[in-house]
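Report on the following structure.
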Amino acid sequence: TTQEAADFLGISRPTMVRILDRGEIPMERPGRHRYVRLSDVLSYQQRVREMRAESLDCMAVEAEGAGLYEATEGVPPPAQ
């Protein structure tokens with residue numbers, strides 16, 4: 001069910017419904033209820049993990065290019 005899938009992914013049921021309505025996870029709707037396959041939820045979870053990892057890699061490259069890592073080198077200044 002959508003609630004079980006939402007619980008598995010750690011998101012709210014309304015968020016899960018929006019994901020399903022956008023077609024990001026295939027669903028069956030024989031009547032009023034939406035049903036999803038575990039394999040489809042697992043595939044979605046893996047895709048999201050990969051997208052997040054790519055985003056974090058890009059952010060790290062941009063931060064390094066902007067010199068943000070050098071700004072945090074050494075001992076921090078004393079608190080005032």
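The values are calculated or read from the model by the stated rules, or taken from the named source; none is laboratory data. Given the structure is predicted, the values throughout are model-derived calculations rather than measurements. Virtual Cβ from ideal backbone geometry, glycine too; neighbours counted across all protein chains shown. These area figures cover heavy atoms from the full protein model, side chains too; ligands, DNA and RNA do not enter into them. Shrake-Rupley method; radii C 1.70, N 1.55, O 1.52, S 1.80 Å.
When Glu4 is tested against (1) open to solvent by less than 100 Å² (accessible area, probe 1.4 Å); (2) out of contact with any Ser or Thr (no Cβ under 7 Å at 6 or more places or on another chain), exactly one condition is not met: (1).
If you go through region 9-25 and keep only what is under 19 Å from Met51 (Cα atoms) and either out of contact with any Leu (no Cβ under 8 Å at 6 or more places or on another chain) or open to solvent by 100 Å² or more (accessible area, probe 1.4 Å) (or both), you end up with Leu9, Gly10, Ile11, Thr15, Arg18, Ile19, Leu20, Arg22, Gly23, Glu24, Ile25. Among the residues making up region 3-29, a single one is over 16 Å from Arg47 (Cβ atoms), part of a helix (DSSP H, G or I) and of a type in the set (Gly, Ala, Ser): Ala6. Pairs meeting the criteria (first residue in region 37-61 and outside any helix (DSSP H, G or I), second residue surrounded by fewer than 13 Cβ atoms within 10 Å (Cβ to Cβ) and not polar (S, T, N, Q), beta carbons under 9 Å, at least 6 apart or on different chains) are Arg37/Glu28.
Kindly indicate whether any position in region 35-58 is charged (D, E, K, R), open to solvent by less than 100 Å² (accessible area, probe 1.4 Å), in contact with a helix residue (DSSP H, G or I) (Cβ under 7 Å, 6 or more places away or on another chain) and at pLDDT 95 or above. There is no residue in region 35-58 that is charged (D, E, K, R), open to solvent by less than 100 Å² (accessible area, probe 1.4 Å), in contact with a helix residue (DSSP H, G or I) (Cβ under 7 Å, 6 or more places away or on another chain) and at pLDDT 95 or above.
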